[in-house]
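The values are calculated or read from the model by the stated rules, or taken from the named source; none is laboratory data. From a predicted model like this one, the values you see are computed outputs, not experimental measurements. Virtual Cβ from ideal backbone geometry, glycine too; neighbours counted across all protein chains shown. Keep in mind that these areas ignore ligands, DNA and RNA; they rest on the heavy atoms of the full protein, side chains included. Shrake-Rupley method; radii C 1.70, N 1.55, O 1.52, S 1.80 Å.
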Amino acid sequence: AQTVTQSQPEMSVQEAETVTLSCTYDTSESNYYLFWYKQPPSRQMILVIRQEAYKQQNATENRFSVNFQKAAKSFSLKISDSQLGDTAMYFCAFITFTGNQFYFGTGTSLTVIP
Amino acid sequence: NAGVTQTPKFRILKIGQSMTLQCTQDMNHNYMYWYRQDPGMGLKLIYYSVGAGITDKGEVPNGYNVSRSTTEDFPLRLELAAPSQTSVYFCASSYIYSYNEQFFGPGTRLTVL
């Protein structure tokens with residue numbers, strides 16, 4: 001079975017500080033893609049960062065970076081210099097190379113405190 | 001580019017009524033998806049389409065139907081609405097491969113009373 005687990009339902013961080021959101025997943029496939037999506041109060045889902053499982057180098061996008069541990073099936077998101085606009089629900093997701101379906105976690109609600 | 005648009009934004013249905021949620025994308029994406037998001041949960045795939053004329057079931061297809069007659073449109077039909085279908089519905093699309101970035105619509109909040 002393909003599953004995604006986000007064990008932190010809620011987190012908070014002070015503005016300008018760094019926070020890490022956890023995600024673990026399970027799949028028997030070896031080729032897949034991992035994603036972090038952000039859902040602000042507007043409900044619009046926005047891609048934050050994407051990681052190909054065959055790449056050892058961790059993906060980075062400005063203040064967002066991931067720690068991808070393939071053997072441990074772990075894919076955490078680090079947000080540096082947190083901003084008020086980062087307040088949102090964050091979803092971890094993956095899709096296999098041969099599949100047609102994304103699998104989403106239950107989300108982590110992040111609040112950035114001024 | 002409008003991206004992915006969904007109508008309506010909100011809707012209240014009575015038990016047993018039917019309705020169609022509309023989804024249109026103007027990015028010439030071949031893949032389109034319908035998800036539902038229940039409170040405190042992640043997104044669950046209802047149906048998806050890999051191109052015009054081709055649709056397939058996702059994790060939670062019961063109580064829904066879809067069609068894809070054009071590349072742009074992917075309507076979701078609810079027949080005989082039930083309270084368990086109260087949810088927020090998202091349409092999404094992606095280009096060429098399913099593992100490319102999915103672009104999401106703004107969602108439709110549906111309440112069945």
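Observations
- Those strands (runs of 3 or more DSSP E) of the range A:38-107 in which at least 3 residues are at pLDDT below 95, considering only elements entirely within it, cover A:46-52, A:88-96.
- Test for residue A:111: is it of a type in the set (S, T, N, Q) and more than 14 Å from chain B (Cβ to nearest Cβ): yes
- Among residues of the range A:24-52, those that are aromatic (Phe, Trp, Tyr) and more than 9 Å from every other protein chain (Cβ to nearest Cβ), counted: 2
- Residue count for the range B:58-83, restricted to those that are in contact (Cβ under 8 Å) with a residue 24 or more places away in the chain and either out of contact with any helix residue (DSSP H, G or I) (no Cβ under 7 Å at 6 or more places or on another chain) or surrounded by fewer than 19 Cβ atoms within 10 Å (Cβ to Cβ) (or both): 17
- Enumeration of residues in the range B:85-112 that are open to solvent by 30 Å² or more (accessible area, probe 1.4 Å) and either at pLDDT 95 or above or among the basic types (Lys, Arg) (or both): B:86, B:109, B:111
- A single entry from A:20, A:60 fulfils the requirement of being open to solvent by 40 Å² or more (accessible area, probe 1.4 Å), closer than 20 Å to residue B:101 by Cα, more than 10 Å from chain B (Cβ to nearest Cβ) and within 14 Å of the chain's Cα centre (by Cα): A:60.
- Scope the range A:23-39; condition in contact (Cβ under 8 Å) with a residue 40 or more places away in the chain and over 14 Å from the mean Cα position of the chain (by Cα); matching residues: A:26, A:27, A:29, A:31, A:32
- Considered as a group, the residues in the range B:1-57 that are of a type in the set (Gly, Ala, Ser) and open to solvent by less than 40 Å² (accessible area, probe 1.4 Å) include one that is farthest from the other protein chains (Cβ to nearest Cβ), and that residue is B:16.
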